[in-house]
Amino acid sequence: MARRGPAVPEDRRQQDQDREQRLAALRVRLQAAAQDTRTAEDWARSLQAAARLPTETWANVLLISAQRPGATLVKGYAAWRAAGRHVNRNEQGIEVFSGPYQPKGNHRHPEDDEHGHSWRDADHVTYVWDLSQTSGQPLPARAALGLPAGAAPPGLWEALCWLARREGFAVEREPGCSDDGTTLWAARRIRVPPGLADSQTIWALAHQLGHVLLHNPTAPVPGTTTTGCRGVRKAEADSVAFITCLRHGIPIEHGFASPQTWTGSDPRAQPGASTCPSRNGRLDRSGRRGRLVR
């Protein structure tokens, strides 16, 4: 067989057109997935997926959930082979955004600031497959924590306090604030009330860290706090706490309100613009205060 020579300009143009068409089609699919997130249950399921898929961007979490509900671990073809597994015959790949994710110029989106890249900057579409679509060597099982009611994993409180210090905030156990805690912006302090169960203290600190990571004002006004947060800001902070608790095995029930009741005109809540924190992405959905399972 003759060796194929380098691509000529016409071939390159066709490849670029095909790539752009695939990206455009996947953006349409992402918009559809965002529009389908209508109810409180829809939003909770999306957050549960984000907790299961901590390395994925929020856009890819929505895409994976839409194409493979219940996915638990996704990798590319080569990554599965490197893990000692292979993709089963005739399994349909899951389309996701990929690429260098280099923000262009000064046109950065708020999502970019949190984890350094956005689906808006993806330069191609790639395929991943869920664990259930593969066979081969068993993977190390993630230990089931089996936490008793009201408990939290050892070291999690300390890890969250470290994150607060990294962001320049001290953590204090002080009475007089709500069970969700509060953040004093100008004083750069997070306060969590004493007397809570360990699991509820994790919720409160994670909720306040959601505010710190997503809402930290550049020029805080003395006396301003996060007490009484509502709307999209409460949505984001609640969602950070929800994902944190689920990811670390803390059983939780949370009565989310319908996204339609709090998204309003926030441009991030429009179809195709959903974002979720994480180093799971960047979150924006809200509801009533979380209640830990007793």
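Assorted remarks:
- Note on segment 139-178: among residues that are modelled with pLDDT of 95 or more, in contact with a Leu (Cβ under 8 Å, 6 or more places away or on another chain) and of a type in the set (A, V, I, L, M), the one that is surrounded by the most Cβ atoms within 10 Å (Cβ to Cβ) is LEU160.
- When residues in segment 179-236 are screened for being on the phi < 0 side of the Ramachandran plot, buried (at least 21 other Cβ atoms within 10 Å of the Cβ), among the small types (Gly, Ala, Ser) and without any contact (Cβ under 8 Å) to a residue 60 or more places away in the chain, 3 of them pass.
- Taking the criterion of being touching a strand residue (DSSP E or B) at 6+ places or on another chain (Cβ under 8 Å) and not polar (S, T, N, Q), the residues of segment 124-159 that qualify are HIS124, VAL125, TYR127, VAL128, TRP129, ASP130, LEU131, GLY136, LEU139, GLY150.
- Residues that are in a strand (DSSP E or B) and hydroxyl-bearing (Ser, Thr, Tyr) within segment 84-101 comprise just one, SER98.
- Residue match in segment 26-45 (condition: in a helix (DSSP H, G or I), under 25 Å from ALA237 (Cβ atoms), modelled with pLDDT under 95 and touching a Lys or Arg at 6+ places or on another chain (Cβ under 8 Å)): yes
- Residues that are part of a loop (DSSP other than H, G, I, E, B) and over 22 Å from the mean Cα position of the chain (by Cα) within segment 156-180 comprise GLY168, PHE169, GLU174, PRO175, GLY176, CYS177, SER178, ASP179, listed in sequence order.
- If you filter segment 63-78 down to residues that are hydrophobic (A, V, I, L, M, F, W, C) and either in a loop (DSSP other than H, G, I, E, B) or in contact (Cβ under 8 Å) with a residue 12 or more places away in the chain (or both), you find that the one that is nearest to GLN31 (Cα to Cα) is LEU63.
- Screening ARG81 with (1) at pLDDT 95 or above; (2) part of a helix (DSSP H, G or I); (3) surrounded by 19 or more Cβ atoms within 10 Å (Cβ to Cβ) gives one miss only, at (3).
- Annotation: GLU111 fulfils all but one of (1) modelled with pLDDT under 85; (2) in contact with a His (Cβ under 9 Å, 6 or more places away or on another chain); (3) assigned to a loop (DSSP other than H, G, I, E, B); the unmet one is (3).
The values are calculated or read from the model by the stated rules, or taken from the named source; none is laboratory data. All figures in this text were calculated on a predicted structure; none of them were measured in a lab. As a convention, Cβ positions derive from the backbone with ideal geometry for all residues, glycine included, and neighbour counts pool all protein chains shown.
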